[in-house]
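Remarks on the structure that follows.
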Amino acid sequence: MSWIRGIRCQVRAWRVARARWKADMAEFKVAQKEARRKGEWPENPGPPPTGFSLLPWLLMGMGSFSNLLQGKTSNPWIGGLGLFAFNSLYIYVVFRSFVKEKRTAVSTLVALVAMGLITCGLALGYGGSWLYFFPLLGLATGAVVRGPRLGQVGLALTALAAAVSVYRAGWDAINVAYGTFLSTMVTAAILSLSEAVRELRAAREELARRAVEKERMRFSRDLHDLLGHTLSVIVVKSEAARRLAPRDMEAALGQITDIEAVGRQALTEIREAVTGYREGSLATELDRARSALSAADIDPVVRQSGPPLTPQTEVLLGWVVREAVTNVVRHSGATRCEITLDGVLDRARLTVADDGTGGAGPAAGPAEGIGGTGLKGLTERLATAGGSLRAGPSPRGGFTVTAELPVEQADLASHVVTTTGTTAPREP
């Protein structure tokens, strides 16, 4: 018998839900006592309401049940079957009303309509205490219908209860209509407010979790970009100092001095990255790029044109210069690297191109394949700011990284800088 098995499964599910609700309530009471002891407001709003919270209202039907037992009801078998059907549908509807997916299901709405038909039939057939099934119907309706149509449905149900009550018991039974309206609206309001509070609390926890994840990602990217570039420069300059030491000690000491300066600057930047206030300067990054490229025997060429950029844009493009030049020094095997910055209309475009035979690193792929950790992080940063990043082999050989960012218009004269080895003065 499949229907008996289904009933057993449903009863078992209710028992599990009841046990879970009791455990949540016990935990909530403990949290309340602890909060009161500390003089704080408890954060936990308690376990969410379930269908069990609406079951005690079935006692409103005790008058009808008493009439059946005392033989005051004509056709008691019909009344008994109606009472059993109403209570069964009520339990079915209220338990489904606390699950958002089930609340709007067709089966729930059909069961609610069936409850309405049974209520009207019993109230019209018997009157008296049977009229109090309308407030119970209002409770179930308020639990299911929570939304823009609540007002229309509540008024329609109240009008139906008023008409049936007046027909069966006269104007003295108009309080049934008032109770129906009140039970519908108050139930919907309380359950909607409870659900909204829990959704807001869940949203706050999710935002806090995402903020932590975002900060971890920022810190990870910053450390990768800082240490990767800095250590690459230190390695390149150390190799240059080792090569120069046997024949030109003064030049080797110059490289060692640069290593010391880079290390000190890296310590400062790491401290700023930890506190989250590090700002970069594009001019500083270009100077460092030129120094790192020169130390690696790569000829640097820097070209700039367009209006001055905002600090936020300079920070992001400075990161691109840092990461791209680090990859050129590490992997390209190039002899020349061109860094070009163009301001076109409302966008700034930065291009870092080399003539080497390598790429962006072992993980790099084809034209759109940005596979390195640093370039992936930069792609996410630029996308957040409304920009884009592309990296891949150049048609003329070598590897090219191109970054584009939207910038604010500035009514300033453009300037052009052409650098070969060292940066030339800007021309108005």
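The values are calculated or read from the model by the stated rules, or taken from the named source; none is laboratory data. Since the structure is predicted, the reported quantities are computational estimates derived from the model, not experimental observations. Glycine gets a Cβ as well: all are built from the backbone with ideal geometry, and neighbour counts include every protein chain shown. The area values use the complete protein model at the heavy-atom level, side chains included, leaving out ligands, DNA and RNA. Shrake-Rupley method; radii C 1.70, N 1.55, O 1.52, S 1.80 Å.
Among the residues making up the range 57-71, a single one is of a type in the set (Gly, Ala, Ser) and over 12 Å from residue 130 (Cα atoms): 71.
On the basis of being in a helix (DSSP H, G or I) and without any contact (Cβ under 8 Å) to a residue 12 or more places away in the chain, does residue 125 make the cut?
Details: in a helix (DSSP H, G or I): yes; without any contact (Cβ under 8 Å) to a residue 12 or more places away in the chain: no.
Taking the combined requirement at face value, the residue does not satisfy it.
I'm checking my understanding of the structure. Among residues of the range 215-243 that are modelled with pLDDT under 80 and of a type in the set (Lys, Arg), which one is most open to solvent (accessible area, probe 1.4 Å)? Once the filter is applied, the top-ranked residue is 216. Being at negative phi, at pLDDT below 90, in a helix (DSSP H, G or I) and open to solvent by less than 30 Å² (accessible area, probe 1.4 Å), is that true of even one residue in the range 133-148? Scanning the range 133-148 turns up no residue that is at negative phi, at pLDDT below 90, in a helix (DSSP H, G or I) and open to solvent by less than 30 Å² (accessible area, probe 1.4 Å).
Out of curiosity, is residue 257 open to solvent by less than 60 Å² (accessible area, probe 1.4 Å) and within 29 Å of residue 315 (Cβ to Cβ)? Write out each step before concluding.
Details: open to solvent by less than 60 Å² (accessible area, probe 1.4 Å): no; within 29 Å of residue 315 (Cβ to Cβ): yes.
Judged against the criteria, residue 257 is not a match.
Among the residues making up the range 149-164, those that are within 21 Å of residue 89 (Cβ to Cβ) and in a helix (DSSP H, G or I) are 150, 153, 154, 156, 157, 158, 160, 161, 164. If you go through the range 283-319 and pick out every residue that is within 16 Å of residue 233 (Cα to Cα), in contact with a strand residue (DSSP E or B) (Cβ under 6 Å, 6 or more places away or on another chain) and either open to solvent by less than 20 Å² (accessible area, probe 1.4 Å) or aromatic (Phe, Trp, Tyr) (or both), you end up with 4. Screening residue 95 on (1) under 30 Å from residue 201 (Cα atoms); (2) surrounded by 15 or more Cβ atoms within 10 Å (Cβ to Cβ); (3) without any contact (Cβ under 8 Å) to a residue 24 or more places away in the chain; (4) hydrophobic (A, V, I, L, M, F, W, C) shows it passes everything except condition (3).
In the range 69-92, what count of residues is obtained for those that are basic (Lys, Arg) and open to solvent by less than 70 Å² (accessible area, probe 1.4 Å)?
Start the filter on the range 69-92 by keeping residues that are basic (Lys, Arg), which leaves 72.
When the remaining residues are screened for being open to solvent by less than 70 Å² (accessible area, probe 1.4 Å), the result is none.
Adding up the residues that qualify gives 0.
Looking only at the range 316-345, which residues are assigned to a helix (DSSP H, G or I) and touching a Ser or Thr at 6+ places or on another chain (Cβ under 8 Å)? Passing the criteria: 318, 326, 329, 330, 332.
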